[in-house]
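Read-outs throughout are calculated quantities, based only on the coordinates presented, and are distinct from any laboratory measurement. The structure presented is a predicted model; accordingly, all values stated were derived computationally and were not measured. Neighbour counts are summed over all protein chains in view; Cβ atoms, including those assigned to glycine, are modelled from backbone coordinates with ideal geometry.
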């Protein structure tokens with residue numbers, strides 16, 4: 001059995017990343033979601049153990065000291081970390097793992113797991129991004145901060161493998177679904193025993 | 001507009017390559033078929049200008065001398081060649097081009113067009129391959145010759161980008177469809193103007 005692939009998705013805040021991830025997970029039975037740890041407070045509707053593991057700062061630091069994170073960082077004054085063991089065991093079992101993470105995190109993980117694939121999801125335009133955040137009633141100083149981040153994040157897209165524009169949700173989901181299917185068919189990901197068996 | 005991609009498909013004889021190509025062309029409006037030239041005789045059901053351009057040896061040689069082929073070769077005592085102009089104009093217009101060709105041809109074209117993608121389609125097993133050729137009533141000395149070729153072709157799969165097993169026709173078609181979709185989303189295939197526009 002071939003090993004599963006780690007699929008990393010980055011998108012400027014408000015691009016629809018969470019919805020895309022949820023739909024992808026509904027579509028593919030061979031896909032698992034890597035739940036990140038964070039010390040930030042849950043947004044309305046976010047649940048511990050589903051969207052994030054919401055941890056106290058002390059607990060987060062304990063995990064750092066035990067080397068339990070593949071990468072961790074401080075963003076907007078909060079800690080974020082990617083648990084190592086889940087990704088390792090799920091891909092070993094042949095499942096693909098979906099990980100939503102910012103640009104810096106994506107680059108850090110690519111250095112640790114070179115075979116991971118990086119997908120950048122962009123909004124149709126920065127204006128659309130602002131509208132979505134406003135509709136979500138994000139605080140205006142948050143919006144300004146995130147808009148600045150988004151502009152610099154878009155520049156980072158050139159370091160990714162794939163670039164998907166979310167101008168149509170179903171289309172974007174289909175495209176990422178295809179990327180996962182296609183990557184699994186890459187010759188270098190298929191074990192030589194698979195090739196010899198035919 | 002991004003340039004289209006040249007998608008090269010190789011498969012041991014009898015793997016179902018023609019059916020796969022036909023179904024792919026029916027599925028994707030952005031896909032064109034590169035019709036090869038050959039001096040071999042048409043098989044039952046094969047039509048000039050659809051499956052191949054069936055040419056006299058003299059005409060074929062004239063085209064060689066005019067540099068009209070991206071590559072050409074002699075296989076089983078017949079000439080085969082890939083017309084250059086169609087691929088160049090279709091991909092320039094933003095369409096993807098599907099080209100069914102043997103392993104040697106695929107390698108020759110990759111050298112000429114490094115951005116082309118190579119898909120190897122394999123039968124579930126060599127035994128299945130023999131059965132399909134027998135069912136198609138190929139002459140037995142042809143079958144023996146092709147079986148030997150197929151074995152060596154399978155070894156060449158490691159030089160391809162993607163490896164698809166045709167154990168289920170619809171699944172194989174879907175997989176190649178996904179490969180084409182995914183490749184068009186690769187960052188290096190998207191023009192920098194596309195990235196700047198978001």
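Treating the angle as unsigned and between 0 and 90°, give the value, to the nearest 10°, between the Cα long axis of helix A:140-156 and the longest Cα principal axis of chain A. So the helix axis and the longest Cα principal axis differ by about 30 degrees. Sorted from closest to farthest, the other copies place their residue B:156 label points 4.3 nm away, with each point set 7 Å from Cα along Cα→Cβ.
Computed over chain B with a Gaussian network model linking Cα atoms closer than 10 Å, the most mobile of B:115, B:105, B:45 is B:45. Cα extents for region B:6-197 along the principal axes, largest to smallest and rounded to whole angstrom: 59, 41, 28. Is region B:61-135 best put as rounded, prolate or oblate by its Cα gyration tensor, with a ≥ b ≥ c the root eigenvalues, rounded for a/c under 1.5, and otherwise prolate when a/b is larger than b/c, oblate when not? It is oblate, given that a/c is not under 1.5 and a/b is not larger than b/c.
Hey, any idea what Rg/Rh is for region B:1-107, computing Rh the Kirkwood way over Cα pairs? Please list the in-between numbers first.
Numbers: Rg = 13.8 Å, Rh = 14.4 Å.
That ratio is 0.95, to two decimals.
Express the relative contact order of region A:6-193 as a whole percentage, based on alpha carbon pairs under 8 Å and six or more residues apart in sequence. It would help to have the intermediate numbers written out before the result.
Working: 259 pairs, mean separation 56.9, N = 188.
Here the relative contact order equals 30 percent.
Principal-axis analysis of the Cα atoms of chain B puts helix B:103-112 at an angle of about 30° to the longest axis. Across the copies of the chain, residue B:139 has label points (7 Å from Cα along Cα→Cβ) spaced 8.3 nm apart, shortest distance listed first.
Size descriptor for the protein assembly as shown, Kirkwood hydrodynamic radius: 23.4 Å (Cα pairs only, one decimal). Taking only the Cα atoms of region B:142-194, the ratio Rg/Rh comes out at 1.17, with Rh defined as the Kirkwood radius.
Please compute the contact order of region B:1-100 in relative form: average sequence separation of alpha-carbon pairs under 8 Å and at least six residues apart, divided by the residue count, as a percent.
On the way: 149 pairs, mean separation 44.7, N = 100.
Relative contact order comes out at 45 percent.
Over all residues in A:163-169, what is the mean tally of Cβ atoms on other chains that come within 10 Å of each residue's Cβ? Intermediate results must be reported in sequence, preceding the final value.
Numbers: counts 9, 2, 6, 1, 1, 0, 0.
Neighbouring Cβ atoms belonging to other protein chains average 3 per residue here.
The ranking of A:36, A:89 from fewest to most other beta carbons within 10 Å of each one's beta carbon is A:89, A:36.
Legend: ranking of residues A:134, A:82 from fewest to most surrounding C-beta atoms inside 10 Å; resulting order A:134, A:82. Principal-axis analysis of the Cα atoms of chain B puts helix B:169-184 at an angle of about 30° to the longest axis.
Ordered by the count of other Cβ atoms within 10 Å of each Cβ, fewest first, B:153, A:88 give A:88, B:153. Label-point spacing for residue B:115 across the identical copies (point 7 Å from Cα in the Cβ direction), in nm and ascending order: 2.9.
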